[in-house]
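Taking it in order: structure first as C-alpha cells, then the write-up.
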Amino acid sequence: MNGPAALAAIEDIIDNSCVAPAIEALLPAGARHRQLRVRTLLLGMRLALADDRPAHLTRVHQALTALPGPDQVRLGVIEDWPTGPHQLTYRQTEYTFGLVTGALAKHHPDGAPSADLQAICDALLEASIPAQHKPASAALAADWTDTETWSRPPRRGDTAPPTCPAPKASCSSATTCPLPPWPPRRTARPCPSWPGG
C-alpha cells in the first residue's frame, strides 16, 4: 500500500494510539521552536518501512521530503521561516530522533525496554489492529504461524505451576508435530503429547 492511502492509514494508527503527544510531553522544552514534531517523525519512520526502505534515519528523512508539497506543509516538513520556506534537514531529523530515544531510554540499561517505550510500542500495536479483528481472539501466536497458543499471563499472586491446556488442536496426518525446543516442565497435569508426559 503506497501513496495517499498508506499515508492516511499510518496517520490513523499514530493518532489512534495517542503516543505522539505522550512522547512530546517527555521531551525537554527548548528555547527554539523544533520543526520536526514526534508525530511526523513516527510517520516518516513508518513510511520508510512501508516503502521497503531500510530503517535508517536518512531513509526517514527521504520519505518525509518525498511527500507531496501540501502534505509536507501540513506535517511541518516545510515551514515558513523569516528567510522563506524551509524544508526539513537531515540534521533536524537526527536531532528530534535523539531527543525521542533519550526520553524513552532507561537510565540503567538491562536489555529490556523502558516502561515508557513498552507502553508506546503496545499502544502502536493495538492501534494497528483493525476494529473488526480486535474481539476475534486474544490467544493467537505473535509469529508467522497464526496458531492458537492457549497461553495466558499468570494471575497476580498466583504461584501455582501452570497447567497444560486441554489437547484441543491436533496435527494433520500429513505432518509430524515438532517437539518443543525446550524440555517440558513438570506441571500439575502433564501434556500427553510431550515425551515423558
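Computed from the coordinates by the stated procedures, all read-outs in this text should not be read as laboratory data. In this text the structure is predicted, and so the values were computed from the model without any measurement. Methodologically, a virtual Cβ is constructed for each residue, glycine included, from the backbone with ideal geometry; neighbour enumeration extends over all protein chains shown.
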Length added when fully stretched, Glu126-Ala50, from 0.36 nm per residue minus Cα-Cα: 25.6 nm
message: Rounded to whole Å, give me the distance from the Cα center of region 3-74 to that of region 81-99.
response: 13
- prompt: With contacts defined as alpha carbon pairs under 8 Å and 6 or more residues apart, what's the relative contact order of region 4-133 in percent?
  reply: 30
- line: Label model pair Arg74, Ala119: point-to-point distance (7 angstrom along the Cα→beta-carbon line) in nm is 3.0
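Would you mind getting me the FRET efficiency between Lys134 and Trp81? Use the beta-carbon distance for r and R0 = 45 Å, nearest 0.05.
Rounded to the nearest 0.05, the efficiency is 0.55.
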Other-chain or far-sequence residues with amide H under 5 Å of Ser114's (modelled H): Lys106
query: Can you list the HN-Hα couplings for region 86-96, worked out from phi with the Karplus curve (6.51, -1.76, 1.60; θ = phi - 60°), rounded to whole Hz and with x for Gly and Pro?
result: 10, 8, 3, 9, 4, 4, 5, 5, 4, 5, 5
- request: Tell me which residues come under 5 Å, amide H to amide H, from Leu27 once H is placed; ignore anything under 5 positions away on its chain.
  value: none
- prompt: For region 4-9, in order, what is each residue's ³J(HN,Hα) by Karplus, 6.51 cos²θ - 1.76 cosθ + 1.60 with θ = phi - 60°, in whole Hz (x at glycine and Pro)?
  reply: x, 5, 5, 4, 5, 5
query: P(r) tail for region 4-133, what percent of Cα pairs lie past 25 Å?
result: 26
